[in-house]
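Worksheet: one structure, shown below.
The values are calculated or read from the model by the stated rules, or taken from the named source; none is laboratory data. Values in this document were obtained by computation on a predicted structure and should not be read as measured data. A quick note on method: Cβ atoms are made from the backbone with ideal geometry, for glycine too, and the neighbour counts reach across all protein chains shown. Surface areas here come from the heavy atoms of the whole protein model, side chains and all, with no ligands, DNA or RNA. Shrake-Rupley method; radii C 1.70, N 1.55, O 1.52, S 1.80 Å.
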Amino acid sequence: MILEIINGKPIIRGKWEGTTEPGAYYTENPMSSSGGGAARIAFGQYKSWQVGIHYGSGSDPHEALVQVQPITVYRDKNKDYIRTGDKTETGKFEIDQHWGFDYPRNDISYASAGCLVGRTRAGHKEFMQILKHDKRYLRNNKYTFQTTVIPGDELRKLFQWE
């Protein structure tokens, strides 16, 4: 989701389905050159992304937020699909915010090896258009955006969303 703070009050500018989880393929066949396992971004806040092009595996390059500053990830070496007990690593890993190729809700498939993925192309395009109208971005197209990553189940407990 995109939040804008107006007069000290947060306003939701848009919300979409998304995930930070890698697909099953990349959990079982991690891209990590360190041998540590698939990346799962650590919960927290990062000022680490700029507007650019996501190339992924080379197919269907598209506008996205691309990682330009370090973030912390858990490495799922034991392939249990959870962060608990996994070692962390901090760095630049090409973990972008991009679209999920319209894959179904229950299978992100090859869309993510640890990136922040909006499920649909249309939703991601809307997300990018809102970001590109941010006055900080309009002043400087190299503006680095901040993202907060929190567990969705905990957020759902606080708010009444479908």
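Points worth noting:
- Exactly one residue out of 91, 56 is modelled with pLDDT of 95 or more and either β-branched (Val, Ile, Thr) or within 17 Å of residue 30 (Cα to Cα) (or both): that is 91.
- Of all residues in the range 84-100 being more than 15 Å from the chain's Cα centre (by Cα) and assigned to a loop (DSSP other than H, G, I, E, B), the one that is surrounded by the most Cβ atoms within 10 Å (Cβ to Cβ): 86
- The residue list 81, 143, 103, 110 contains one member that is touching a helix residue (DSSP H, G or I) at 6+ places or on another chain (Cβ under 7 Å), open to solvent by 30 Å² or more (accessible area, probe 1.4 Å) and modelled with pLDDT of 95 or more, which is 143.
- Among the residues making up the range 44-62, those that are within 14 Å of residue 95 (Cα to Cα) and either among the aliphatic types (A, V, I, L, M) or open to solvent by 60 Å² or more (accessible area, probe 1.4 Å) (or both) are 47, 51, 53, 55, 57.
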